[in-house]
Amino acid sequence: MMNYHVLVVSDGTGETANRMFKAAMLQFSEDVFITRHANVRDKKQIREIFKRTLSDHVLVVYTFVSDELRKYTRELAKKQGAHSIDVLGSTMETLSTLFHKSPVAKPGLLHRVDEEYYARVSAIEFAIRHDNNNSLEGLETADIVLVGVSRTSKTPLGIYLAQEGWKVANLPVIESKQLPKKLFKIDQKKIVALSMDPKRLAEMRRARLRLGVKDESYADVDFIKRELKFAQSLYSETTWPVIDVTGKSVEELSQEVLDAMMPYFTESFGNP
């Protein structure tokens, strides 16, 4: 069997190139030996890597933000008779054309710990604190507030959006029980209501019954229809957009929520 040596060379951690290469390799049955070289910032380092890996079957997978280092690696690989894959090059060239500007060419931006990272962590903590009416404190600071009857994907959707940096709270709608007065004192444009097909909701609730919920009526279709009708009557008295979550992935739902919120985001923050 032929031995293939893959050099993953990067000015950062090399994780991007490594993951993309491994994803592509799932389509092939060949065995390869991967060596990762991180934080490569100049031509001398690149030359040293090539000197140590002379082989007839070498593939160089590289990610450099520097156009000069990308070209140098490509030319050196060709000179050595090795194949090469420029992971970032074509994407950055296309973006440069689109935006009519050159990239900043600063290595390691993807993996730096910065304000955006801490904002996401803070958003996740916020979503956990404000899950299912756990706390109304600071509700007015939420970016998005989700309301809906039990098992309409409020929690997973809130956590998913929080991972994107949005501060999300969610409150349950319970038959014949008023929603908190505080909900109606915040900006109503940040509230989104969720609904679901009653039969599908019954299926999901039956699964929860098996996990220990005692109230058998919880998964009864007639009870669920009444509960959804009650929720709809509440929604009809508001300006909240209502999203049907039936059969949709959390990724699809998050986009629908953000689309519904776009007028509010544009008004409050400018284009998000």
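Please treat every number below as a calculation from the coordinates, not as lab data. Given the structure is predicted, the values throughout are model-derived calculations rather than measurements. Methodologically, a virtual Cβ is constructed for each residue, glycine included, from the backbone with ideal geometry; neighbour enumeration extends over all protein chains shown.
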Checklist entry - Which angle from 0 to 90°, rounded to the nearest 10, does the C-alpha axis of helix 67-80 make with the longest principal axis of the chain? => result 50
Item to check | Candidates per trypsin sites (Lys or Arg not before Pro) in region 1-96, loop by DSSP, up to 16 other Cβ within 10 Å | outcome: Arg41, Arg52
Item to check | Semi-axes of the equivalent ellipsoid for region 102-211, Cα gyration tensor, largest first, Å | outcome: 32, 18, 12
Checklist entry - How many times 2.2 N^0.38 Å is the alpha carbon radius of gyration of region 1-49? => result 1.26
Item to check | 0 to 90° range, to nearest 10: angle between helix 89-99 axis and the chain longest Cα axis | outcome: 60
Item to check | Furthest towards positive pole of dipole, Ser10, Pro241, Ala207, structure part the chain, Cβ charges | outcome: Ser10
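Which shape class applies to region 144-202: rounded if a/c is under 1.5, otherwise prolate when a/b exceeds b/c and oblate if not, where a ≥ b ≥ c are the square roots of the Cα gyration tensor eigenvalues? Write out the running numbers ahead of the final one.
Working: a/c = 2.39, a/b = 1.11, b/c = 2.16.
Oblate shape, in that a/c is at least 1.5 and b/c is the bigger or equal ratio.
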Next on the checklist: Suppose we keep just the alpha-carbon trace of the chain; what are its Rg and Dmax in angstrom?
Outcome noted: 26.0, 76
Checklist outcome for this item: Taking N as the residue count of region 1-111, its alpha carbon Rg divided by 2.2 N^0.38 Å gives 1.07
Checklist entry - How far is it, in nm, from the label point at Lys78 to the one at Leu258 when both lie 7 Å from their Cα along the line to the Cβ? => result 3.9
Checklist entry - So what are the radius of gyration and Dmax for the Cα set of region 65-108, in Å? => result 11.8, 35
Item to check | R0 of 30 Å, Cβ-Cβ distance Asp31-Asp67: FRET efficiency to nearest 0.05 | outcome: 0.35
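Kindly state, to the nearest 0.05, the FRET efficiency for Leu136 paired with Arg208, given R0 = 25 Å and r defined as their beta-carbon distance.
Once the sixth-power term is evaluated, E becomes 0.50.
In nm, what is the difference between 0.36 nm times the number of residues separating Leu234 and Val250 and their Cα-Cα distance?
Additional length available on full extension: 3.3 nm.
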Checklist entry - At what distance in nm do the modelled label points of Lys199 and Leu179 sit from each other, each positioned 7 Å from its Cα along Cα→Cβ? => result 2.9
Item to check | Entries in Lys101/Lys248; Lys154/Lys181; Lys154/Lys185; Lys51/Lys101; Lys190/Lys225 that, when Cα-Cα distance is taken, lie over 30 Å | outcome: Lys101/Lys248; Lys51/Lys101
Item to check | Förster-model FRET efficiency, 25 Å R0, Tyr118 and Gln188, C-beta, rounded to 0.05 | outcome: 0.30
Next on the checklist: Could you work out the percent of alpha carbon pairs in region 176-272 separated by over 16 Å, rounded to a whole number?
Outcome noted: 65
Item to check | Value of relative contact order over region 128-212, rounded to a whole percent, pairs C-alpha under 8 Å and six or more apart | outcome: 36
